[in-house]
């Protein structure tokens, strides 16, 4: 299922994240899709989504820290 991590291990070099063992992370899946571990803000953010956007009952809105995404940028493919 998980093909590879995008970006560095959040605990590399002894880094400590806010949740210590739980941490934001990004992965590429075998299917080519992506999975994210982030802070669930669905209850707060859902009512504030822009017009035309919605969050299905099986979906969650998660916050991924900017640093996590920027550090993963070199690993994110440019092509579909």
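Just to be sure before I move on: is residue 54 part of a loop (DSSP other than H, G, I, E, B), under 17 Å from the mean Cα position of the chain (by Cα) and modelled with pLDDT of 95 or more in the structure I sent? No, not satisfied.
Filtered by the rule that a residue be without any contact (Cβ under 8 Å) to a residue 24 or more places away in the chain and closer than 13 Å to residue 23 by Cβ, segment 36-68 gives a lone residue, 67.
Would you check which residues across segment 57-71 are surrounded by fewer than 14 Cβ atoms within 10 Å (Cβ to Cβ) and either touching a helix residue (DSSP H, G or I) at 6+ places or on another chain (Cβ under 6 Å) or over 15 Å from residue 44 (Cα atoms) (or both) and list them? Across segment 57-71, the qualifying residues are 58, 66, 67, 70. Restricting attention to segment 1-49, the residues that are closer than 17 Å to residue 63 by Cβ, at pLDDT 95 or above, in a strand (DSSP E or B) and in contact with a helix residue (DSSP H, G or I) (Cβ under 8 Å, 6 or more places away or on another chain) total 1.
The values are calculated or read from the model by the stated rules, or taken from the named source; none is laboratory data. Because the structure is a prediction, the values reported are computed rather than measured. For neighbour counting, all protein chains shown are included, and Cβ atoms are generated from backbone atoms with ideal geometry for every residue, glycine included.
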